Amino acid sequence: MPVETRHLTLYAPDTFPEIKPQDPLPQILARSFANAEGGLQGGDILVLAQKIVSKSEGRQIELSSICPSSKALDLARETGKDARLVELILRESTEIVRKRPGLIIARHRNGYVTANAAIDLSNAGARNTAVLLPSDPDASAKSITEGLKKITGLFIAIIIIDSMGRAWRNGTIGTAIGCYGIPALLNCRGQFDRDGFELQTSEIAIADEIASAASLLMGQGNEGLPAVMVRGLRWATGEGAAAELVRSRKQDLFN
């Protein structure tokens, strides 16, 4: 368990460059934070927008290169969406969960249930270009942590986030899709509250809570702040994986 935390600092440098395929994120992150807030320190957490990770890994595709399948054409007619985008949604998904005109909810191959399989056309760096999620966001987070350690000698936890909607709630919120160096899910079962009651079911999605806090600085439009440092959170070190946050199909009562 982390010890009690009383003060947190969140900082987003405004000098972050536009990311292109094969750009070395660890080096770019080290430079961007080198002279900010005293530089990186051991125990810091860096929260990264999914798009900079996807761009560095070449997870962009021009819609003009997509040839829609008959299934994509049918679903496009039903929903009114671009058939090329629908084809990408089908490729990235294991299941179309819900659909209506203007909306497709899909279960991504990583397990996340989200609109359009989390494929985004905004801030893609070029028009008519789609940005896909990293193939394995947890592996991406681990790779960035290891790269930063080689450069700085420091162990820096990484959380990769995306904006997602929530069942029963309006609006999107920053959500962890990749994590390394901090437990994504904190199990509080067996602990006691102030009245001596033993907690039976309490689990805290700590990576999601950090993601939502960082998202306040990142914004959703033209802010250009895709990386946020979180300092002061006393966290239990561990490998961590955002995959722990995905509820299994057996436990999904709304499936």
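Throughout, read-outs are computed from the coordinates displayed, never taken from laboratory work. Model, not experiment: these values are computed from the prediction. Heads up, the Cβs are rebuilt from the backbone with ideal geometry, glycines too, and the neighbour counts pull from every protein chain shown.
Mind running the shape call on the chain? Use the C-alpha gyration tensor, a ≥ b ≥ c as the square roots of the eigenvalues: rounded below 1.5 for a/c, prolate if a/b tops b/c, oblate otherwise. Please list the in-between numbers first.
On the way: a/c = 2.23, a/b = 1.28, b/c = 1.75.
Oblate shape, in that a/c is at least 1.5 and b/c is the bigger or equal ratio.
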Rounded to the nearest 10 degrees, the helix 206-218 long axis (Cα) sits at an angle to the longest Cα principal axis of the chain of 70
Relative to the Cα centre, what is the charge dipole magnitude of segment 61-129, using +1 at the beta carbon of each Lys and Arg, -1 at the beta carbon of each Asp and Glu, and rounding to the nearest 20 debye? 160
Taking other Cβ within 10 Å of each residue's Cβ, how do Glu92, Glu18 sort, fewest first? Glu18, Glu92
Take every Cα pair under 8 Å in the chain that's 6+ residues apart, average their separations, divide by the length, and report that relative contact order as a whole percent. 25
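Which of the three applies to segment 61-129, rounded, prolate or oblate, going by the alpha-carbon gyration tensor with a ≥ b ≥ c and a/c under 1.5 meaning rounded?
Taking the square roots of the gyration eigenvalues as a ≥ b ≥ c, segment 61-129 is oblate.
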Residue (of Ile182, Pro21, Gly240) at the positive-pole extreme of the chain, dipole from beta-carbon charges: Pro21
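Among Ser70, Ser140, Ser93, which comes first, then next, by fewest other beta-carbon atoms within 10 Å?
Numbers: Ser70 7, Ser140 25, Ser93 22.
If I rank by nearby Cβ atoms, fewest first, I get Ser70, Ser93, Ser140.
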Suppose a student asked you for the relative contact order of segment 61-129, using Cα pairs under 8 Å spaced at least 6 residues apart; what percent would you report? 25
Step through the residues of segment 66-83 one at a time and calculate ³J(HN,Hα) from phi using the Karplus curve (6.51 cos²θ - 1.76 cosθ + 1.60, θ = phi - 60°), rounding each to whole Hz and writing x for Gly and Pro. 9, 10, x, 7, 4, 5, 5, 5, 5, 5, 5, 5, 5, 9, x, 9, 4, 4
When the charge dipole of the chain is computed with +1 on Lys and Arg Cβ and -1 on Asp and Glu Cβ about the Cα centre, the Cα farthest towards its positive end, among Asn170, Gln50, Val86, belongs to Val86
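Of Lys20/Lys149; Lys71/Lys99; Lys71/Lys250, which ones are farther than 25 Å apart at the Cα?
In this structure, Lys71/Lys250 lie more than 25 Å apart at Cα.
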Counting other beta carbons within 10 Å of each residue's own, what order do Thr94, Thr79 fall into, fewest first? Thr94, Thr79
For the Cα atoms of the chain, what angle does the longest principal axis make with the long axis of helix 137-152, in degrees from 0 to 90, nearest 10? 50
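What does the C-alpha gyration tensor say about the overall shape of segment 1-78? Classify as rounded when a/c is under 1.5, otherwise prolate if a/b is larger than b/c, or oblate.
On the way: a/c = 3.85, a/b = 2.07, b/c = 1.86.
Prolate is the answer for segment 1-78, as a/c is 1.5 or above and a/b outweighs b/c.
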Please list, in order along segment 10-21, the HN-Hα scalar couplings obtained from phi with the Karplus expression 6.51 cos²θ - 1.76 cosθ + 1.60 (θ = phi - 60°), rounded to whole Hz, x for Gly and Pro. 10, 9, 10, x, 9, 10, 6, x, 5, 8, 10, x
Amide H neighbours of Ile177 at under 5 Å, excluding residues fewer than 5 places away on the same chain, with H built from the backbone geometry, are Ile160, Ile161, Asp162
